[in-house]
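The structure under discussion appears below in the form of structure tokens.
The values are calculated or read from the model by the stated rules, or taken from the named source; none is laboratory data. Predicted, not measured: the structure shown is a model, and the values here were computed from it. Methodologically, a virtual Cβ is constructed for each residue, glycine included, from the backbone with ideal geometry; neighbour enumeration extends over all protein chains shown. Note: accessible area is taken over every heavy atom of the protein model, side chains too, but ligands, DNA and RNA are not part of it. Shrake-Rupley method; radii C 1.70, N 1.55, O 1.52, S 1.80 Å.
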Amino acid sequence: MFVEPSNETFGIYLENWLEDKKTQVRPSTWKSYRWLVRRILPHLGHVPITNLKPQQL
């Protein structure tokens, strides 16, 4: 899938996604999502989205 060139990092994307989900899912589900995002951020949060590879995910 084509991704418009951007300087946005995967970490910024995940943080925004997490905020959006907060009002769309149950609190317990959101807490699980938050836990997962916090586990991913140290490893992939600095990577620009346009540089992400399937193998990294």
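Details
- Between the Cα long axis of helix 10-21 and the first principal axis of the chain there is an angle of about 30°, rounded to the nearest 10.
- Gyration tensor (alpha-carbon) shape descriptor, the chain, a/c threshold 1.5: prolate
- The fraction of accessible area contributed by carbon and sulfur in the chain is 56 percent, rounded to a whole number (1.4 Å probe; ligands and nucleic acids excluded).
- Neighbour cut-off at most 16 other Cβ (10 Å), DSSP loop, chymotrypsin sites (Phe, Trp or Tyr not before Pro), the chain: F2
- Cleavage-rule hits (trypsin sites (Lys or Arg not before Pro)) in the chain: DSSP loop, at most 14 neighbouring Cβ within 10 angstrom: K22
- Solvent-accessible surface of the chain, taken per residue with a 1.4 Å probe and all protein chains present: 83 Å².
- Distance-filtered residues of the stretch 22-55 - backbone nitrogen under 16 Å, label point 7 angstrom along Y13 Cα→Cβ: 37-38, 40-55
- Fully extending the segment from L57 to D20, taken as 0.36 nm per residue of separation minus the present Cα-Cα distance, adds 11.2 nm.
- Anchor K31: lysines whose Cα lies under 18 Å away (excluding residues fewer than 8 positions away in-chain): K21, K22
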